[in-house]
1. With the requirement that a residue be buried (at least 17 other Cβ atoms within 10 Å of the Cβ) and either on the phi > 0 side of the Ramachandran plot or not in a loop (DSSP other than H, G, I, E, B) (or both), what does region 236-250 give you?
2. Restricting attention to region 260-279, which residues are surrounded by fewer than 18 Cβ atoms within 10 Å (Cβ to Cβ), of a type outside the set (D, E, K, R) and touching a residue at least 60 places away in the same chain (Cβ under 8 Å)?
3. With respect to Q378, determine if the residue is surrounded by fewer than 18 Cβ atoms within 10 Å (Cβ to Cβ), over 20 Å from the mean Cα position of the chain (by Cα) and under 20 Å from V279 (Cα atoms).
4. Looking at region 41-60, is at least one residue more than 26 Å from S198 (Cβ to Cβ) and free of Cβ contacts under 8 Å to residues at least 60 places away in the same chain?
5. Within region 202-210, is even one residue surrounded by fewer than 17 Cβ atoms within 10 Å (Cβ to Cβ) and within 15 Å of A136 (Cα to Cα)?
6. Right, E347: in contact with a Lys or Arg (Cβ under 6 Å, 6 or more places away or on another chain) and either under 27 Å from A226 (Cα atoms) or in contact (Cβ under 8 Å) with a residue 24 or more places away in the chain (or both) or not?
Amino acid sequence: MKNIINKTLIIAGLLSAAMMPVGCKKDFKDPNKATQDEVFSSPRGLAGVAVGLQRVYTLGRASTLYNLITINGLTTNELFVVNTGNTSEVQLATGSTAVDGNNTILTTFWTTCNKVIYDANLVINNAKNLGDKNYASGLIAYASIFKALSIGDMAQFWQKVPDGIGTNVSFIDRVDGFKKAITVLDDAIAAVSADPISAAFTANVPAGIDISNTLLALKARFSLYAGLYPQALAAANMVDLSKKSTFNYDASNLNPVFEVATSTNNVVQPKDSTLGLVVGLQPDFADKRVAFYTSINPTIAPRHRINGFFNATTTPIPVYLPGEMTLIKAECYARASTPDLANALIELNKVITKVPANDPFGVGAQLPAALGVFTQGQLLDSIYKHRSIEMFMSGQKLEDMRRFNRPNAERRRNLMPYPLRERDNNPNTPPDPPF
């Protein structure tokens with residue numbers, strides 16, 4: 001993680017005219033330093049760097065988002081490798097000792113997460129110096145979303161995560177990583193509460209992300225993962241479930257899963273209509289979410305294909321799903337110090353019975369409600385099942401498998417080995433976990 005400095009996101013072209021020497025003066029300035037100073041003191045320059053965070057996180061095969069979905073999907077049996085020539089994917093699908101610090105997908109994922117955190121810090125710290133506090137709060141909130149996502153994403157796959165960016169950085173436990181992400185989100189929520197985001201800022205970043213709801217939704221997610229159930233419940237209750245928050249794509253900036261996997265049928269595809277779940281937890285035959293997330297090719301193998309949020313070049317990918325928030329509520333009630341099984345069942349049934357037309361993204365099981373008296377264990381099993389279906393290919397299932405104490409036999413690895421690039425450059429890198 002040495003010297004992870006972003007030099008590509010500075011918009012030199014926009015500033016080059018202002019930097020050209022005049023006359024015959026020989027006191028030339030360092031153009032890189034001048035450009036950086038200009039960018040990080042300018043609202044529009046900082047907005048350009050903030051947009052760069054989204055590009056690194058969401059675009060292309062090297063993006064954090066693509067690799068999050070792929071690592072998670074192959075490790076948890078959601079996906080399988082179509083072409084065994086894809087060595088890194090095959091290693092993840094094989095699991096155990098086949099996955100090592102040389103795995104290029106893991107290394108890329110680690111690098112992009114740290115790159116986003118580094119650049120987000122620059123945006124957040126420099127935004128605080130701006131005179132326009134409403135524009136600054138937008139910058140802080142927007143950058144904080146990608147910083148928190150990156151910290152939380154790393155904490156899902158590694159036992160310990162870096163406690164900062166730099167040389168010989170120390171590591172903290174993964175649960176503390178989730179708490180660190182929550183602190184980032186809380187600071188952003190406070191900034192927006194003090195100074196509402198200006199229209200001028202939203203005009204300078206891509207459409208799609210509902211910033212206020214996303215801050216709360218990610219706080220609910222990472223609070224759940226940290227075992228902070230009252231906090232997770234409170235945050236989830238504040239999210240407006242009628243609103244969408246998405247990573248948007250266009251003809252020049254393609255949906256990365258469609259670009260790499262769906263369109264080529266040469267990398268990964270869904271295992272089958274079970275969505276990788278074991279007997280007893282598999283989707284009901286009438287569950288409409290299976291047809292949402294998968295399609296059928298009756299003539300060319302494999303039969304089951306990627307659908308849902310990865311079925312076209314410009315299909316938006318949700319930052320979170322409304323159904324995730326409802327299932328967070330159900331789980332928090334079920335795991336409360338005094339379990340509230342009645343309210344847990346009420347929230348669970350909202351997902352089970354949801355009609356696709358009543359969901360902002362069209363995700364709905366449309367099944368009969370679960371009726372009867374259930375134990376805590378039975379409700380948690382059902383919550384796990386419906387999270388696995390409702391949030392298929394969202395990159396969250398490995399964390400769920402650990403949290404719900406699913407057997408190791410259901411996944412290829414529990415936690416990941418550290419990239420050799422990190423180990424070679426940082427003596428503080430922890431030992432690799434055995435599985």
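1. Passing the criteria: A236, T246, F247.
2. Result: N265, N266, V278.
3. Numbers: surrounded by fewer than 18 Cβ atoms within 10 Å (Cβ to Cβ): yes; over 20 Å from the mean Cα position of the chain (by Cα): yes; under 20 Å from V279 (Cα atoms): yes.
Criteria met by Q378.
4. no
5. yes
6. Numbers: in contact with a Lys or Arg (Cβ under 6 Å, 6 or more places away or on another chain): yes; either under 27 Å from A226 (Cα atoms) or in contact (Cβ under 8 Å) with a residue 24 or more places away in the chain (or both): yes.
Spelling it out, E347 is indeed in contact with a Lys or Arg (Cβ under 6 Å, 6 or more places away or on another chain) and either under 27 Å from A226 (Cα atoms) or in contact (Cβ under 8 Å) with a residue 24 or more places away in the chain (or both).
Condition check ((1) more than 18 Å from V49 (Cβ to Cβ); (2) of a type in the set (K, R); (3) in contact with a Leu (Cβ under 9 Å, 6 or more places away or on another chain)) across all residues:
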| position | (1), (2), (3) |
| --- | --- |
| G164 | yes, no, no |
| V169 | yes, no, no |
| K180 | yes, yes, no |
| D195 | yes, no, no |
| G208 | yes, no, no |
| A220 | yes, no, yes |
| Y229 | yes, no, no |
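Listed here are the residues, each with its yes/no results for (1) in contact with a Cys (Cβ under 7 Å, 6 or more places away or on another chain); (2) in contact (Cβ under 8 Å) with a residue 60 or more places away in the chain; (3) within 20 Å of Y320 (Cα to Cα).
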site	(1), (2), (3)
G177	no, no, yes
K180	no, no, yes
T183	no, no, yes
A190	no, no, no
P196	no, yes, no
A207	no, no, yes
A217	no, yes, yes
A220	no, yes, yes
S223	no, no, yes
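The values are calculated or read from the model by the stated rules, or taken from the named source; none is laboratory data. Model, not experiment: these values are computed from the prediction. Note that each Cβ is placed from the backbone with ideal geometry, even for glycine, and that neighbours are counted across all protein chains shown.
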